[in-house]
1. Can you tell me which residue is nearest to the chain's Cα centre (by Cα) among those in segment 67-124 that are of a type in the set (Val, Ile, Thr) and more than 19 Å from residue 53 (Cα to Cα)?
2. I need every pair where a residue in segment 73-85 that is assigned to a helix (DSSP H, G or I) has its Cβ under 9 Å from the Cβ of a residue that is among the aromatic types (Phe, Trp, Tyr) and open to solvent by less than 100 Å² (accessible area, probe 1.4 Å), sequence separation at least 6 or different chains.
3. May I ask you to list the residues in segment 35-87 that are at pLDDT below 85 and either open to solvent by less than 50 Å² (accessible area, probe 1.4 Å) or β-branched (Val, Ile, Thr) (or both)?
4. What pairs can you find where one residue is in segment 100-113 and among the charged types (D, E, K, R), the other is in a helix (DSSP H, G or I) and open to solvent by less than 100 Å² (accessible area, probe 1.4 Å), and their Cβ atoms are less than 9 Å apart, with a gap of 6+ or different chains?
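The values are calculated or read from the model by the stated rules, or taken from the named source; none is laboratory data. These numbers were taken from a predicted model, which means no experiment stands behind them. Note that we place each Cβ from the backbone using ideal geometry, even for glycine, and neighbour counts take in every protein chain shown. The area values use the complete protein model at the heavy-atom level, side chains included, leaving out ligands, DNA and RNA. Shrake-Rupley method; radii C 1.70, N 1.55, O 1.52, S 1.80 Å.
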Amino acid sequence: MTASKTPPLHVLRGIIRHLRSTPTQKMPISRSSHVVGIEASSDQYQSPLIGHVILQYRAAQSASSSEVDQLRKMAYDFLSLKDDLAERARLHELDGGAEVKLSPKEMSRRAAARAGLQLPGVHE
């Protein structure tokens with residue numbers, strides 16, 4: 001999908017999903033935050049960044065159509081960036097190298113198992 005065809009709510013949910021999955025320091029929601037329109041989550045804690053994103057989306061409702069298009073493209077680009085960075089981190093983790101993660105004994109056992117063999121002394 002492109003930025004013009006992706007529904008803004010879909011992009012907002014994607015951004016919030018990424019922000020919730022990253023470890024951040026959570027702050028309690030103050031009573032005054034209800035005045036500006038931040039709704040409390042179920043555990044009464046919310047990331048300040050998520051609150052900021054929600055406020056930006058709500059403020060954009062009164063923007064002109066050209067500003068809305070520009071903001072929609074910026075939000076879609078941010079979501080694409082977060083998706084790509086999450087995928088890159090996942091691939092980096094997979095490419096970490098077995099010699100770093102596994103002991104020599106475990107690497108030998110796995111190599112023998114791929115060949116259909118068992119190491120001496122290992123009987124199941």
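1. Step by step, filter segment 67-124, then rank; the result is 100.
2. Listed pairs, sorted by first residue: 75/57.
3. Passing the criteria: 35, 36, 37, 38, 40, 41, 46, 47.
4. Listed by first residue and then by second, the contacts come to 106/98; 110/98.
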